[in-house]
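Have a look at the structure below before the remarks.
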Amino acid sequence: MTKRPRRPVSAEHDAGGGHEDGASELQPHVGHDTRVGVSERVQGLPAVWADRLQKRFVVSSWIPGRRPKTTIAALRGATFTVTHGTIHGVMGPNGSGKTTLLRVLATLVIADAGQATVGGYDVGREAGRVRSLIGLSTGEERSLYWRLTARQNLEFAAALHRLPRPGAAIARALALVRLEQDADRPVSGFSQGMSRRLSLARAILHEPHVLLLDEPTRSLDPAARAEFQHVLQALSAEAEVTTLLTTHDVREAASVCTRVSVLSHGQFVTHLSDANERSLDAALRRLAP
C-alpha cells in the first residue's frame, strides 16, 4: 500500500451522502485484551473508511509452455464510508471487486494504492489493531471442522483469540446465533443454514466492533436465509455491531441493510440510503451493458 500522509477521517469523506449519489476465515494472532473500545477511539471516525483503493492481480496463462500474463484490476479507486452500528451492503456483478474489497479491509490482501481504516486504524500500517476489531466470515463450507462439534469449533477459535473467559464467550456466541441446543452435535450433521450461523458465531466470538461478511446467505433456502438475517439484525440492535456484507440478493439488501453501495469494475457508482427493491434493481440494471 502506498504511503500517504495520514489525515483525519470524518463524515465529509463519505462518498454516499443523501439517498443516492454518484460515486479463508481470519484468525488473528493478537490477544483479546488489545481490543479498543468505541469510547477510546477518536470521536467522529467512521467504523470503516476507504479512499481510492486500488488493487491489481497478475494472472498467468494456464496453457502449458506459454507464459502470457494478464493484469486484472479488481479495485480502481473504491471510496466509501460505513457508519457505526449500521448494516451496510455492497452489491455488484461478479468480478466487480466485492471480495477483494473485504479482503483488503480484513488485512488479508494489501492494496496497491489508496488508504483504508477500520475504527480509525490503518489496514496497512496497523493490521494487528484492525484484526482485533473485526470478525470475518466468507461463507465457505470448508472453513469449519466437520468432525468436531460446534462447541469444539468455537473452543479452537477461542484459543487462537486467546480469550480470557472462553466458556462465557462461546455460550454468548451460541445464544446469539441460536445454536445452544446443537452445541455438542458434530458439524457434519448440520444443515447449510446451521453451518453459516456457526461461522457467524465464530466471527463474533471475540466481540468485534465490525463484521465483514462475504455473501453469508449464498445457497441458503428462504427459511435459513430469513433466520440468518434475523440474527444479523439482532446483532446490530443488541450488540451494536457494525456489519459490512456483500450480497447478490436485492430483497436481502432492501430488508436488512441500512445503506447499500453498488460496486462496478472496482469503483463505487451509487450509494443508497433506505433502499427498497425497486431502487436497488434500477441501480443494478444501469450497470448492464
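The values are calculated or read from the model by the stated rules, or taken from the named source; none is laboratory data. Computed from a predicted structure; not experimentally measured. We place every Cβ from the backbone using ideal geometry, glycine too, and count neighbours over all the protein chains shown. Side chains included, ligands, DNA and RNA excluded: accessible areas come from the protein's heavy atoms. Shrake-Rupley method; radii C 1.70, N 1.55, O 1.52, S 1.80 Å.
For segment 39-54, the condition of being modelled with pLDDT under 95, of a type in the set (A, V, I, L, M, F, W, C) and open to solvent by 10 Å² or more (accessible area, probe 1.4 Å) holds for at least one residue. Annotation note: of Leu205, Leu280, Leu198, the sole residue that is closer than 25 Å to Thr81 by Cβ, of a type in the set (A, V, I, L, M, F, W, C) and touching a helix residue (DSSP H, G or I) at 6+ places or on another chain (Cβ under 9 Å) is Leu280. Scanning segment 67-92 for residues that are under 25 Å from Gln229 (Cβ atoms), open to solvent by 20 Å² or more (accessible area, probe 1.4 Å) and of a type in the set (Val, Ile, Thr) returns Thr83, Thr86.
Suppose we filter segment 136-187 for residues that are of a type in the set (Gly, Ala, Ser) and closer than 27 Å to Thr99 by Cβ; how many remain? Of the residues in that region, 7 qualify.
Does at least one position in segment 61-75 carry a residue that is part of a helix (DSSP H, G or I) and either at pLDDT 95 or above or under 16 Å from Leu245 (Cβ atoms) (or both)? Walk me through how you get there before you give the answer.
Here is the first cut: in segment 61-75, the residues part of a helix (DSSP H, G or I) are none.
For segment 61-75, residues part of a helix (DSSP H, G or I) and either at pLDDT 95 or above or under 16 Å from Leu245 (Cβ atoms) (or both): absent.
Scoring Gly95 on the criteria (1) at pLDDT 95 or above; (2) open to solvent by 10 Å² or more (accessible area, probe 1.4 Å); (3) not hydrophobic (A, V, I, L, M, F, W, C) leaves a single failure, condition (1). Residue count for segment 104-148, restricted to those that are outside any loop (DSSP other than H, G, I, E, B), polar (S, T, N, Q) and in contact with a Lys or Arg (Cβ under 7 Å, 6 or more places away or on another chain): 2. Each residue in segment 127-148 was checked for being farther than 22 Å from Ser191 by Cβ and either aromatic (Phe, Trp, Tyr) or surrounded by fewer than 17 Cβ atoms within 10 Å (Cβ to Cβ) (or both), and 1 pass.
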